[in-house]
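Written out below as structure tokens is the structure these notes cover.
Bear in mind these aren't lab numbers, they're just calculated from the coordinates by the rules spelled out. It should be emphasised that the depicted structure is a prediction, and the values quoted were computed from it without experimental measurement. For neighbour counting, all protein chains shown are included, and Cβ atoms are generated from backbone atoms with ideal geometry for every residue, glycine included.
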Amino acid sequence: MQNNLLETPIEYLKGVGPQRGELLRKELGIHKYGDLINLFPNRYIDRTRYYKVNELVPSNSEVQIVGKIIHVKTVEFGKGKKRLSSTFIDDTGEIEIVWFQGIKWIRESLKINVPYVIFGKTNHFNGQYSMPHPEMELLEDHKASLRSAMQPVYPSTEKLANKGISNKVINKIMQQLFVETHALFVETLPGYLLEELQFIPKNAALFNIHFPKSQELLAKAQYRLKFEELFFIQLQLISKNLIRKHKIKGHAFENVGYYFNEFYNNHLPFDLTNAQKKVLKEIRNDLGNPAQMNRLLQGDVGSGKTIVALMSMLLAIDNGFQACIMAPTEILANQHFNGISELAEPLGINIKLLTGSTKTADRRIIHEELENGTLHIIVGTHALLEDKVQFKNLGLAIIDEQHRFGVEQRSKLWKKNDIPPHVLVMTATPIPRTLAMSLYGDLDISVIDELPPGRKPIQTVHRYDSNRLKVWKFIRDEIEKGRQIYIVYPLIQESETLDYKDLMDGYEGISRDFPLPKYSVSMVHGKMKPAEKDAEMKRFSEGKTNIMVATTVIEVGVNVPNASVMIIESAERFGLSQLHQLRGRVGRGAEQSYCILMTGHKLSSDSKTRLETMCKTNDGFEIAEVDLKLRGPGDIMGTQQSGVLNLQIADLVKDKDILQMARHYAIKLLKEDPSMTKPEHQKLREVFIELGKKKNIWNYIS
Ligand code: ADP
Ligand code: MG
């Protein structure tokens, strides 16, 4: 049957053979017929139009002309250099066709006075058009060929091109594939879905993706194949999630007990926002089930994730379990420790901090208390992952700033107990919905999409370096009002030395412009010792200094509510998500806060878009969407390992709507037929299983 035919090794295809087969395998990963059929073109050249010679205009685009060669000659030019020149005519005029390579072979194979279709770019010189090295085909063959008006351009590599596997060759073997398989391919999507979504059948889709009959059919083919690709990925991700819920045991936190209730009823420092309540409910639901929770909690900076984390941990403690919270840096771990200790103070639970700088004696106590279960909550850095750290019964692991930890690190936490703890991953880096669906499709996602009340949106402006005096005046006024200021310099690896010079020059300039004793300026950067850094940070957070000059070391999580101005120097050198993170350092108190983006006058158009976006919105999700558009998914954190970039035809940015639709239908299908055993899902199931063996999209999460 057709299926088996698609398993045929590619070298058996007529026109391929062992040598080309080897190249196709190595260069494009095409091992068998079925791989070739799924090699989709990158783009199409429109060959719907035939030009007449007298219609040619000087331009850079490719044209095709029907005509014949009436004369061929070899012309010598320079020392020993030759070119082959022919006169090509139609009924409106003539052009010259030239070849510089393969002259002998071409000269022998050219047919005089026989109609050809030629295709290529033209040059224009002295009123005469010429076309070097055109693609040519006898008109007769052209008419008979399967090739359609929209000519596909396939992905290629330099090696393939050098070894003579041109686009034309790929085209030829693709035709051969359709001949050998009689262009019959088994439908993979259930009939009711085709009908409901008005998809063209698989056969027609594959045919038109390779040999589009028209723009319209091409569009239909692309639509269906994109859906199909995304649909199968979503099926994998979602079914994995379902399986985990059924199979991976978790601790059921059945009680909402003393600690949670006591805190909720008597010690909440503020009313929870609706978003916080909603998210807590989602988490509580998960925790109450005897299946492991794997939830991603997204919330912009300042949206109030800490209290959600604490209350989730209280549920663990109420059920006799321990909880941990892991942060990527010492500064952040410290802050979590302080914040959580403060909130939980009246509850009298045992909370400790474990980082690289925890003293050996304290460490020993912590290890002991974790093992005998008297330590309820441990906050820390990756120091928590050391083998020596053993829990009596870890029930909930919270991981902050997810993208800084790899998979292995996360699963290390799990392995500390037989039944894995529930996992809550918190991130302040909003991930566009579409990306989240693909990257974390097998995680459940909660979003805090509302800021606590009373926050004034940060006002953001873009100023040129030439306006610095005015900016400095503004700073003086703010300091006058008792506010504090951040001034951040870029620090980018490649030019580290230069960057430090910028930072130091900046610091000197600022110290001069804001002199003692009236002002005092702090500085923090990555080359300082942790103790020095902490001391400076402390001076600033205690209000002893007015200005903090820093590199991006302050990017993550630092909390100084009295700081109300963030100045970002050379803002054009920062990425959008980084700008947004930096801006999140202000706007934490009751005062109106400001973010000033300083740049020179020379700006690229992407830089301008970034700056405009920052000035226009404070919404992290909106910013993440723009970021995704500007940079593409490849540069967004976490995508590299995930394989979502190995999509054959769909594009996570452009095909957002299709992705959403694919996810919707995948969820629906699995709800109705979780094991895909209904007869109408038989083929679907086969493909699903086949894909499951091959793709490693979910390796990233585990
Ligand atoms: P995140 O970790 O999400 O960036 P935090 O948990 O640090 O945010 O909260 C930011 C600030 O907002 C903290 O000072 C916190 O006390 C305060 N906060 C959190 N939730 C609320 C709320 N519902 N109402 C008022 N203030 C809140
Ligand atoms: Mg936080």
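What list of ³J(HN,Hα) values in whole Hz, one per residue of segment 459-469 in order, does the Karplus curve 6.51 cos²θ - 1.76 cosθ + 1.60 (θ = phi - 60°) give from phi, with Gly and Pro shown as x?
8, 10, 9, 10, 10, 7, 3, 5, 9, 4, 4
From the alpha carbon gyration tensor of segment 49-145, can you work out the equivalent ellipsoid semi-axes (sqrt of 5 times each eigenvalue) and give them in Å, largest to smallest? Can you show the working numbers first?
On the way: eigenvalues 86, 60, 26 Å².
The answer is 21, 17, 11 Å, longest axis first.
If we count every other residue with Cβ under 12 angstrom of residue 131's Cβ, Lys/Arg +1 and Asp/Glu -1, where does the sum land? Please list the in-between numbers first.
Values: positive: 121; negative: 62, 94, 96, 135.
Local charge sum for residue 131: -3.
What FRET efficiency do you get for residue 392 and residue 497 if R0 is 45 Å and r is their Cβ-Cβ distance, rounded to the nearest 0.05?
Details: r = 50 Å, r/R0 = 1.10.
In this case the efficiency is close to 0.35.
Taking 0.36 nm per residue of separation and subtracting the Cα-Cα distance, what length does fully extending residue 264 through residue 419 add? List each step's numbers first, then the result.
Details: separation 155, 0.36 × 155 = 55.80 nm, distance 2.85 nm.
Extra length from residue 264 to residue 419 when fully extended: 53.0 nm.
What's the local net charge at residue 480, with K and R +1, D and E -1, over the other residues with C-beta under 14 Å away? Spell out each step's value before the answer.
Working: positive: 473, 476, 481, 483, 518; negative: 477, 478, 591.
Its environment carries a net charge of +2.
At 0.36 nm per residue, and after removing the present C-alpha to C-alpha distance, how many nm does the segment from residue 529 to residue 187 gain when stretched out fully?
Numbers: separation 342, 0.36 × 342 = 123.12 nm, distance 6.31 nm.
Between residue 529 and residue 187, full extension yields 116.8 nm more.
For the chain, what is the charge dipole size about the Cα centre, in debye to the nearest 20, if Lys and Arg each add +1 at the Cβ and Asp and Glu each add -1 at the Cβ? Could you put the intermediate results ahead of the total?
Details: 92 positive and 84 negative charges, 244 e Å.
Magnitude of the dipole: close to 1180 debye.
Is there a pair in 14/159; 470/656; 82/121 whose C-alpha atoms are over 32 Å apart, and which pairs would that be? Walk me through the numbers before you get to the answer.
Values: 14/159 21 Å; 470/656 43 Å; 82/121 21 Å.
Beyond 32 Å: 470/656.
How large is the Rg to Rh ratio of the chain when both quantities use alpha carbon positions and Rh follows Kirkwood? Please list the in-between numbers first.
Details: Rg = 32.2 Å, Rh = 30.1 Å.
Here Rg/Rh amounts to 1.07.
Under 18 Å from the Cα of residue 359, which lysines turn up, not counting those fewer than eight places away in the same chain?
Partners found: 388, 529.
Spin-label point model (7 Å from Cα, Cβ direction): what's the residue 367 to residue 112 distance in nm?
Each label point lies 7 Å from its Cα, and together they span 9.4 nm.
What FRET efficiency comes out for the pair residue 516/residue 592, r = Cβ-Cβ distance, R0 = 41 Å, nearest 0.05?
On the way: r = 28 Å, r/R0 = 0.68.
About 0.90, to the nearest 0.05.
Choose one of 422, 235, 667: the residue whose Cα lies farthest towards the positive end of the charge dipole of the chain (beta-carbon charges +1 Lys, Arg; -1 Asp, Glu; about the Cα centre).
In the chain, that residue is 235.
Calculate one ³J(HN,Hα) per residue across segment 37-43 by plugging θ = phi - 60° into the Karplus curve 6.51 cos²θ - 1.76 cosθ + 1.60, and present them in order as whole Hz with x for glycine and proline.
Using θ = phi - 60°, the values come out as 4, 9, 7, 8, x, 6, 7 Hz.
Can you tell me the length gained on complete extension of the stretch residue 72 to residue 608, counting 0.36 nm per residue apart and subtracting the Cα distance?
Working: separation 536, 0.36 × 536 = 192.96 nm, distance 5.44 nm.
Length difference between fully extended and current span is 187.5 nm.
Based on the alpha carbon coordinates of segment 346-400, what radius of gyration and maximum Cα-Cα distance (Dmax) apply, in Å?
Considering segment 346-400 through its Cα atoms, Rg and Dmax are 10.7, 32 Å.
Against the empirical 2.2 N^0.38 Å scaling, what ratio does the C-alpha Rg of segment 159-235 come to? Provide the component values of the computation, followed by the final result.
Values: Rg = 14.6 Å, N = 77, 2.2 N^0.38 = 11.5 Å.
The value comes to 1.27.
Residue 221: net charge of surrounding residues, Cβ under 11 Å, Lys/Arg +1, Asp/Glu -1, itself excluded? Numbers along the way, then the final one.
Numbers: positive: 202, 213, 220, 224, 226; negative: 216, 228.
It works out to a net charge of +3.
Give the cross-link partners of residue 247 among the aspartates and glutamates, using a straight C-alpha distance below 15 Å as the criterion and excluding same-chain residues fewer than 8 apart.
Straight-line reach from residue 247, under 15 Å: 286, 418, 442.
Taking the 0 to 90 degree range and rounding to the nearest ten, how far is the long axis of helix 167-180 tilted relative to the main principal axis of the chain, both from C-alpha atoms?
Tilt relative to the chain: about 80 degrees.
To the nearest 0.05, what FRET efficiency results for residue 481 and residue 544 with a Förster distance of 25 Å applied to their C-beta separation?
Values: r = 17 Å, r/R0 = 0.69.
Computed FRET efficiency for residue 481 and residue 544 comes out at 0.90.
Answer rounded, prolate or oblate for segment 459-617, using the Cα gyration tensor with square roots of eigenvalues a ≥ b ≥ c: rounded when a/c is under 1.5, else prolate when a/b is larger than b/c, else oblate. Could the numbers behind the result be given before it?
Details: a/c = 1.39, a/b = 1.20, b/c = 1.16.
Verdict is rounded for segment 459-617.
Residues of segment 87-110 with amide nitrogen under 18 Å from the 7 Å Cα-to-Cβ point of residue 168?
Correct set: 87-89, 96-110.
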